[in-house]
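Structure first, then comments.
The values are calculated or read from the model by the stated rules, or taken from the named source; none is laboratory data. Fair warning: this is a prediction, and the values are worked out from it, not measured in the lab. Note: ideal-geometry Cβ built from the backbone for every residue, glycine included; neighbour counts use all protein chains shown. Accessible surface areas use protein heavy atoms only, side chains included; no ligands, DNA or RNA. Shrake-Rupley method; radii C 1.70, N 1.55, O 1.52, S 1.80 Å.
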Amino acid sequence: MLAALSVIASLSMSFSFSIIPMTPDLDPSFVYSFNHAAAHGLKWGQDFISTYGPYGYLVSTMDLGHLVRTKIVFSLLLAVATGLAVAAYVRSVPDLGPGTQVAMMLALVYAFSVQAPDYQWFALFVLLFLTGLLATGGAGLVAYALAGVLAGFYTLTKLSLGLGALMTLASGCLVVWRPRLAAYRSAVTILAATGGFLIAWLACGGTLAGVRPYLTTGWEVSKGYSSAMSLEAERGWIEAASFLVWFLLIATWVVRQPSLRNRLALAGLLVPLFVAWKHAMVRQDEHVAILARFGIFVMAVLLAEALPAWRWRGTLPAVALLLVPLAVPWTITAARPFYAVTAPDMVTSPLAFRGLRDLARLSHLAEYRERVAQVSQVALRAVELPQSMRTTIGRATVDVYPWDTSYVAANGLSWDNRPFPSSFNVYTPALDAADAAFFESPNRPEYLIWHAGFVDGERSIDGRYLLWDEPRTMRAILGGYDIAAADSRVILLRARARPRFAPPRQLGSTTVPWNTWVPVPQADGVLLAAISIDTSLIMRAVGTVFRDDAVLLSVLFSAREQAIYRAVPGNMGSGLWLSPFAATFPELRSLLEGGSGRRVVAIRFDASSPLLATLSPSLQVSWSQLTPLGTP
């Protein structure tokens, strides 16, 4: 009976189904890219690289190919599995009466309903893992096996959470003191996770030979994220402090309870909480709400564990106190992503029955898809190319730079995408090398649509300079393409028959202190600066448990004007393009057309925190020069 009620509650409250329209902008273009790759069966890790895997469209879905149909099936499966997992977990908690079991079932389903789409899958994994961790005998191993299968599958959905799930399983094998049980769990975890990964991998068209490239590039994506994408919001220290207070209160609450089961549950939740902490703190904008929502789920679990000893009268005041620090992010974070659950939604969620709303969409699916298509059609008009450009391109292959792939859908282009089709996500030398090799190969696209970026058209995200996102790829583009046509917002490039530049020629190196203007060599052609930072062990530890500091690079032009940009630390060693410099989109056109631009006479590295400048007091800069082929 409890299982049936739990499934009904899960379908009514936490079932989630929506289709994202194809619209111009950075985030929708990013979603379009991995949906397109899944719909067209590209080889992940080779033809296509992303922070999401081949099943990432289950989190964010666009109406391409078979994706909507598969999304519906998996959304129903997720809701039903969530209901069954909640019922199994509640029944496994000892000494809960029938009424309390129903109440805790509703509380847990509510906690699922307020999660972001990707964390709904992660929360299901965590609940299965806890059921296996806290149970004994065969039932615990079965739950462990199911959690392992889900972890393997989730590695193909979202890489960061998949790795977090695998680390959680590993930690669960270590927190038990009985060697035989640890050995059994380790064996079950390895077999189940491997089986879940391989079955899902082969089902989406992958081959055994493609596993290694997928895992290798996935590791590259994960390890470079913090240094490139870290972002501290205004008054961000308040959010970080509130979460630390919440962690302390949670630990104190659990330690005061007499049951060892409660402490084991908290131990099992440590790795998932660390994963949510990193997602919230590394890029501390709207992502900070991830930990607040996941905290609701953690509190629901610990509430169920506390009830046998404290009963409702003792636990409710503790829960009310614990909610206070979790509420802080909603009071100071204004920006919200499209999927976010706001503070009022958190309160009214049990009565909102958003699952029923989304289930109702299935009964009018054709009409819903048509409405989404109309929204897409209207929005894509903003990125329709001039007729002359479309005629020039014809049926030739094309890629889009730096990220707005909506040009493909809006103009019916034959898209031959580079492996990582969003410049702002290419934050390690290996990822940069993959995109550069694509543009240097004989199979590169005939045309490249270069659209304006942010601010004056030359900016990437977070105030980065667009030509510094992926330095090797940038040199491959600027050396391998010519302008075929242009207007005020788009430059159409055509592949050259032979490279424009000779290999870089070294000009020397120097040690550069922070916050000091350093003159740059004045040389003909293109000046490149390769920068390396000697990162200390302490800085690496801070980046692991919290986030990396941003690195800012100021440039001084010959006209004495200045500009400041953020740089990607992992890619600075590949050689940043300094002169000639394009500070606006029209100047970028001049740079592509005739190699002209502003001359940089000095640069200055600015540390975003005193800790970075103290622990890494200097940088090494190597200068090099690019000259056209045939030039002495």
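Ordering Tyr32, Ala300, Ser460 by the projection of their Cα atoms onto the charge dipole of the chain, which places +1 on the Cβ of Lys and Arg and -1 on the Cβ of Asp and Glu, puts Ala300 at the extreme positive end. Remark on Phe48: its backbone amide H falls under 5 Å from those of Lys43, a criterion applied only to residues 5 or more positions apart or on other chains, H modelled at 1.01 Å from N. In this view, the solvent-accessible surface of Ser92, computed with a 1.4 Å probe and all protein chains in place, comes to about 40 Å².
For Phe17, the shell of other residues with beta-carbons less than 11 Å away shows a net charge of +3, using +1 for Lys and Arg and -1 for Asp and Glu. Only Lys, Arg, Asp and Glu carry charge here, each on its Cβ (+1 for the first two, -1 for the last two); on that basis the chain has a dipole of about 1220 debye about its Cα centre.
Entry comment: accessible area of the chain is 40 Å² per residue, from protein heavy atoms only and a probe of 1.4 Å. Accessible surface of Glu232, taken over heavy atoms with a 1.4 Å probe and every protein chain present, rounds to 120 Å².
The Cα center of the range 511-557 and the Cα center of the range 590-616 differ in position by 8 Å. When each of the peptides 522-533, 594-605, 163-174 is scored by how many other beta carbons lie within 10 Å of its residues on average, the order from highest to lowest is 163-174, 522-533, 594-605. Note on the chain: dipole from Cβ charges, positive end direction compared against Tyr57, Tyr225, Leu244; the farthest Cα belongs to Leu244. Annotation for the range 2-24 versus the range 246-308: alpha-carbon center distance of 24 Å. Computed from phi, the 3J(HN,Hα) profile of the range 316-330 under the Karplus parametrisation 6.51, -1.76, 1.60 (θ = phi - 60°) reads 4, x, 5, 5, 4, 5, 5, 6, 4, x, 6, 7, 4, x, 6 Hz, with x in place of Gly and Pro. Checking [x] 24.2, 77; [y] 24.3, 72; [z] 26.3, 87 against the coordinates, the calculated Rg and Dmax of the Cα atoms in Å falls under label [z]. Panel values: the range 580-632, Kirkwood radius from alpha carbon pairs, Stokes-Einstein at 4 °C and 1.567 mPa s, translational diffusion coefficient 90 µm²/s.
Note on Glu220: accessible area is roughly 30 Å² with a 1.4 Å probe, heavy atoms of protein only.
Of the chymotrypsin sites (Phe, Trp or Tyr not before Pro) found in the range 233-307, none is in coil by DSSP with at most 11 other Cβ atoms within 10 Å of its Cβ. Shape class for the range 388-464, computed from the alpha carbon gyration tensor (a ≥ b ≥ c): oblate, with a/c not under 1.5 and a/b at or below b/c. An oblate overall shape is assigned to the range 420-504, the ratio a/c of its alpha-carbon gyration tensor axes (a ≥ b ≥ c) being 1.5 or greater and a/b not exceeding b/c. Label the range 486-538 by shape, choosing from rounded, prolate and oblate, from the square roots a ≥ b ≥ c of the eigenvalues of the Cα gyration tensor; if a/c is under 1.5 it is rounded, and otherwise prolate applies when a/b is larger than b/c, oblate when it is not. Since a/c reaches 1.5 and a/b is larger than b/c, the shape of the range 486-538 is classed as prolate. The spacing between the range 144-215 and the range 353-377, judged by their C-alpha centroids, is 34 Å.
Helical runs assigned H by DSSP (4 residues or longer) give the chain a calculated mean residue ellipticity at 222 nm of -18000 deg cm²/dmol, each run adding -39500 (n - 2.57) before division by the residue total.
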